[in-house]
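To keep things clear, I will list the structure first and then write my remarks on it.
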Amino acid sequence: MTIAVKPSVLIIAYEARDAVGGLWNFDPDPAPCTISFDEVGHAIALSDLERQGKPAPTPTPMYAGVTANTPRDIMPYRSHPYPDGTAENPTYETIYEYQVRHAQRYSKYIQLNRTVTRVRHTPANHSPRKRWLVEWTPSFPSSSPDVGKNFEEQFDHIVVANGTDSRPFIPYINGLWEWKGEIIHSRWYRKSEAFADKAVMVVGGGADIVRELGMLVVNRSTSAPRKIYRSFRSKLRYDTEQDKGWPDHVANLSPMDAVHPPSGESRTGRIVTISGEVVDDVDVIIFATAYIARFEFLRDTDPPFNNAPLLRYPQVPKGATRPPTEAVSEATLEGGHRVHNLDSHQLFYLPDPTLAFLLLHAEAIPWPFSEMQARVLAAHWSGTPLELEPHPDENNDSHSVLILGHPGEFDYAENLLKLIGEGGPEEVDSEGKWGAWPEWKKHIRALID
């Protein structure tokens, strides 16, 4: 793909880290996970820098044992394939190197170590006056003498492309504040050996974490956990190609229902599931329960978000027990399960479509998917008219609204391209227009769904 930028067009990409790569930018030793509770009982998992409100990038969820669960041939950007010789399921090192190479052609547009702190409609008393005012400060880890100093720039259009993996989510569990063992969110998981001789419960997805722990037992490692539990709501989706006996060492449980204080039977606390199963010997709970969307720089007190908020605070069950006052801190989730007041494609902010969001959907291959979304918003902002309508399920706050999967992601992307006069039968035609995914790619995608 050829990028043509008019000389009069200013493009800036703000990156809070000191290098590109996003969540693939592996941090082997993140600041520790600390747990507190809000007044309704949500567990809040944050680092100390986050609690202090420092302008710092959030810890990434990347861990050392990651290999791609999306095959090489359908994972990369359409405009930038993997180099010859890349493994079928690349390691995180290979993926990170790929991201760095891909970003090199756009390096003049990328500003590193800049944490965006506020985005809003430009106030009337600012001059010159473009549509949006962006405020930023140097990121805390950069050690810049200007950390905390406010800088301003104005833009006609804004793309929010920081994803939804920045604010860990732990579902409400009655009495979790009574737990005296260790709690972490999977964002802080780095290596399985850290749980040697411990009884570990993995809650939620976390298939790779469970597999890594199980393989230590299979291999009779001295770093193996003492016991492995997995508490999961939906049907388990183990990777049978990497079976190797580790599921035999995992005790599968139904979802957690409540936690009771430590007692003579349980040093850390008793865990009871919704099926009535009782577990007394857990040392560590790892919540692999995903994230919520959070855009701390898009404040619901600023225009235009004060009239059309983006997020709704997650609710707890009606009549749920609340934690005691001494367990409650000032920290809150500051996010929601999905973004509201967007168009039916979950791209444009309806009250002002000069603001757009990329990659809010789930179960879609992110890089080629985001390219198609970016292509459409660039066409619209360059003059291609689009009829933008509200999402038909706008009042539903469940993240499930955003799940595409196979073949949903292809239907979505190809229909999106048709809106701008593309979406033909060829992946890229002789005029450079983008179209459908080839059948062989769709076949590979179907195999991993």
Distance cut-off 37 Å, percentage of C-alpha pairs in the chain lying past it: 29 percent
Peptides ranked, highest mean first, by Cβ atoms within 10 Å: ranges 28-36, 81-89: 28-36, 81-89
DSSP beta bridges in the stretch 199-289 [antiparallel fraction, %, rounded to 5]: 30 percent
Whole-number accessible area per residue in Å² for the stretch 84-192, which is evaluated in the context of all protein chains at 1.4 Å: 50 Å²
Selected from LEU46, SER166, SER266, residue furthest toward positive end of dipole (the chain; charges at beta carbon): LEU46
Nearest-20 debye value, the stretch 50-161 charge dipole, Cβ charges on Lys, Arg, Asp, Glu: 540 debye
Signed unit charges on C-beta, dipole axis of the chain, positive-most listed residue ILE285, PRO392, TRP440: ILE285
Relative contact order for the chain, counting Cα pairs under 8 Å that sit 6 or more residues apart, in percent: 16 percent
Cα pair distances exceeding 15 angstrom across the stretch 350-446, given as percent: 66 percent
Highest to lowest packing among 118-126, 69-77, 353-361, scored as the average C-beta count within 10 Å: 353-361, 69-77, 118-126
For VAL328, net neighbour charge (Lys/Arg +1, Asp/Glu -1) across residues whose Cβ lies under 13 Å away: -3
Rounded accessible area per residue of the stretch 14-70, 1.4 Å, Å²: 41 Å²
For peptides 434-442, 342-350, sequence by mean Cβ density within 10 Å, most packed first: 342-350, 434-442
P(r) of the stretch 367-423 over all Cα-Cα pairs, binned every 5 Å from zero, in whole percent: 4, 16, 23, 24, 20, 11, 2
Carbon + sulfur, % of accessible area of the chain - ligands and nucleic acids excluded, 1.4 Å: 49 percent
Cα-centred dipole magnitude for the chain, charges only on beta-carbon of K, R (+1) and D, E (-1), debye, nearest 20: 560 debye
21 Å Cα-Cα reach of LYS198 towards lysines, excluding residues that sit fewer than 8 places from it in its own chain: LYS180, LYS227
Accessible area per residue in Å² at 1.4 Å probe, computed on the stretch 241-400: 47 Å²
Dipole magnitude of the stretch 99-169 about its Cα centre (Cβ charges: Lys, Arg +1; Asp, Glu -1), debye to nearest 20: 180 debye
Percent RCO, i.e. relative contact order, over the stretch 61-168, from Cα pairs under 8 Å lying at least 6 residues apart: 16 percent
FRET efficiency, 1/(1 + (r/R0)^6) with R0 45 Å, evaluated for ASP48 and GLU88 via beta carbons: 0.65
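The values are calculated or read from the model by the stated rules, or taken from the named source; none is laboratory data. Not measured: the values here are computed from a predicted model. Note: ideal-geometry Cβ built from the backbone for every residue, glycine included; neighbour counts use all protein chains shown. SASA here: full protein model, heavy atoms, side chains in, ligands and nucleic acids out. Shrake-Rupley method; radii C 1.70, N 1.55, O 1.52, S 1.80 Å.
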